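> Mind having a look at this structure? Questions to follow.
The values are calculated or read from the model by the stated rules, or taken from the named source; none is laboratory data. All figures in this text were calculated on a predicted structure; none of them were measured in a lab. Every residue, glycine among them, receives a Cβ derived from its backbone with ideal geometry; neighbour counts consider all protein chains shown.
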């Protein structure tokens, strides 16, 4: 369709240029005789003036009229002149018919995008910020990054968008690309990267995420997002007092609707009401059976659902990607507290298999198994 429009516009431009060339002018076979007549008339006027037979005023008027007619005769084209003019018009017409389309096509091929496919009507009509428009924009940026993976601005744009769309694995990869290209000197970038790692782990502050937050705080100890998530790690480890102190310190800075701000307010409210949003890994339980039996009863049904979801996410991540000895120990301890000894034993066996070459980690796992009564 666009090609037809372009061809039509080119045709109109050529027609506009050819139209003046199509107009004809009348021609005279010869103008030599008339020119000679009016020249003779001018000479006769001069002689009449010299002989005193023609007054000066009448002579001036006669001269003007004779000169006007002489000029008109000399200006009229002859047949031979018009023949040459017709030839020139034909050459000009041919040049217009060839050059206008050729130049138009050349300019379009150099400046336009003839290989770009037509966009679906729905996308062309999509309003900004609609899901269709956002997906289309993401696809364009992804296509550009596929051809130029070192374009840091594209990764910077995509990473937070992936987070908002719950595409956490993609967000992690995007932040990794930004860190690769810009370095790890920006505390806010490191904190955002740690947040994406935490999202992949279903809210668990893993060792890798904790390392990102620690790196951010090393650069700027007052990075709010990093401070919140390290406090969340303390809450998940059962240190509620430490977590609450940090939450209260950050509360004045958490008035917006960013994920970490919403999380801070929710966790702080829960701690103030004496009903913490239970960490996926509660504090180490007593090895006694009575203590183990009473542990789940200390949580509300909603808290237990949250705990089990986080523990399930941690287990899946460790099964898929592996983890540190600390993370495996956290999973084993969580199953034990949730009164799921068989799952705790299975997790312990998987941990020993995954960390077979780490003597220090194996020693810690053996001590944990003894503490929890899971056997050797």
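For (1) assigned to a helix (DSSP H, G or I); (2) assigned by TED's automatic domain parsing to the domain that holds residue 167; (3) free of Cβ contacts under 8 Å to residues at least 60 places away in the same chain, each residue gets a yes or a no:
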{"residue": "181", "(1), (2), (3)": "yes, yes, yes"}
{"residue": "184", "(1), (2), (3)": "no, yes, yes"}
{"residue": "192", "(1), (2), (3)": "yes, yes, yes"}
{"residue": "209", "(1), (2), (3)": "yes, yes, yes"}
{"residue": "225", "(1), (2), (3)": "yes, yes, yes"}
{"residue": "243", "(1), (2), (3)": "yes, no, yes"}
{"residue": "252", "(1), (2), (3)": "yes, no, yes"}
{"residue": "260", "(1), (2), (3)": "yes, no, no"}
{"residue": "270", "(1), (2), (3)": "yes, no, yes"}
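> Hey, does the range 273-280 have a residue that's at pLDDT 80 or above and touching a helix residue (DSSP H, G or I) at 6+ places or on another chain (Cβ under 7 Å)?
Of the residues in the range 273-280, the ones at pLDDT 80 or above are 273.
From what is left, the residues that are touching a helix residue (DSSP H, G or I) at 6+ places or on another chain (Cβ under 7 Å) are none.
No.
> Here are some conditions: (1) modelled with pLDDT under 90; (2) crowded, with 21+ Cβ neighbours inside 10 Å. Residue 229 meets all but one. Which one does it not meet?
(1)
> Consider the range 333-360. How many of its residues are surrounded by fewer than 19 Cβ atoms within 10 Å (Cβ to Cβ) and assigned to a helix (DSSP H, G or I)?
Narrowing the range 333-360 to residues surrounded by fewer than 19 Cβ atoms within 10 Å (Cβ to Cβ): 339-343, 345-346, 349-350, 352-354, 356-360.
Going one step further and asking which of them are assigned to a helix (DSSP H, G or I), we end up with 341-343, 345-346, 349-350, 352-354, 359-360.
Residues meeting the conditions: 12.
> In the range 193-206, what residues are surrounded by 23 or more Cβ atoms within 10 Å (Cβ to Cβ) and within 15 Å of residue 160 (Cβ to Cβ)?
Residues satisfying the conditions are 193, 194, 195, 196, 197, 198.
> Report whether or not residue 238 is surrounded by fewer than 23 Cβ atoms within 10 Å (Cβ to Cβ), outside any helix (DSSP H, G or I), at pLDDT below 90 and out of contact with any helix residue (DSSP H, G or I) (no Cβ under 9 Å at 6 or more places or on another chain). Before you say what the answer is, go through the steps one by one.
Details: surrounded by fewer than 23 Cβ atoms within 10 Å (Cβ to Cβ): yes; outside any helix (DSSP H, G or I): yes; at pLDDT below 90: yes; out of contact with any helix residue (DSSP H, G or I) (no Cβ under 9 Å at 6 or more places or on another chain): yes.
When the stated conditions are applied, residue 238 passes them.
> Inside the range 146-159, can you point out the residues that are outside any loop (DSSP other than H, G, I, E, B) and either crowded, with 17+ Cβ neighbours inside 10 Å or touching a helix residue (DSSP H, G or I) at 6+ places or on another chain (Cβ under 7 Å) (or both)? Spell out the reasoning first.
Going residue by residue through the range 146-159, those that are outside any loop (DSSP other than H, G, I, E, B) are 146-147, 152-159.
Scanning the range 146-159 gives 152, 154, 155, 156, 157, 158, 159.
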